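What follows is a single structure, written as structure tokens, with notes after it.
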């Protein structure tokens, strides 16, 4: 297994797909990295040499990935909460932030309602 940016990427997948396992690198960024380094689209991670893995690591250093990115996003959310903006209040109450309805739906964010025994009268 190749270890890039603190993540063990799968060896049997294509390079551009396995790079998406790193937080902060999507398919578009992975394709940019592969074309910049000159890898063919069908190249597998297990076929890479050590020097090519080092080239990938160096090219990923240009991007904000993994721990740094997670920390930045968490600090941005904390800043919104400290300023008591509308978005910050929605984060604090664990409700949808981007304008979705909450009368119905929003179950993943709000959680499932728990039935109370003997409530119906």
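The values are calculated or read from the model by the stated rules, or taken from the named source; none is laboratory data. Only a predicted model underlies this, so the values are computations on that prediction, with no experimental measurement involved. Every residue, glycine as well, gets a Cβ built from its backbone with ideal geometry; the counts of neighbours run over all protein chains shown.
Residue pairs whose Cβ atoms lie under 8 Å apart, sitting 6 or more positions apart in sequence or on different chains, and linking a residue in the stretch 46-64 that is closer than 16 Å to residue 10 by Cα to a partner that is in a helix (DSSP H, G or I) and at pLDDT 90 or above, are 48/15; 48/56; 52/37; 56/15; 56/19; 56/33; 56/37.
In a residue-by-residue description of the stretch 65-80, the property of being exposed (fewer than 12 other Cβ atoms within 10 Å of the Cβ), over 30 Å from residue 19 (Cα atoms) and not assigned by TED's automatic domain parsing to the domain that holds residue 22 applies to at least one position. The single residue among 56, 25 that is crowded, with 18+ Cβ neighbours inside 10 Å, under 15 Å from residue 7 (Cα atoms) and either out of contact with any strand residue (DSSP E or B) (no Cβ under 7 Å at 6 or more places or on another chain) or not assigned by TED's automatic domain parsing to the domain that holds residue 8 (or both) turns out to be 25.
Of the residues making up the stretch 1-26, just one is assigned to a helix (DSSP H, G or I), out of contact with any helix residue (DSSP H, G or I) (no Cβ under 6 Å at 6 or more places or on another chain) and under 15 Å from residue 63 (Cα atoms), namely 21.
Scanning the stretch 37-46 for residues that are farther than 13 Å from residue 3 by Cα and surrounded by 12 or more Cβ atoms within 10 Å (Cβ to Cβ) returns 37, 39, 43, 44.
Return yes when residue 30 is touching a residue at least 60 places away in the same chain (Cβ under 8 Å) and touching a helix residue (DSSP H, G or I) at 6+ places or on another chain (Cβ under 7 Å) and no when it is not. In short, no. For the stretch 2-16, name all the residues that are on the phi < 0 side of the Ramachandran plot and either touching a residue at least 60 places away in the same chain (Cβ under 8 Å) or surrounded by fewer than 16 Cβ atoms within 10 Å (Cβ to Cβ) (or both). Hits for the stretch 2-16 are 3, 8, 10, 11, 12, 13.
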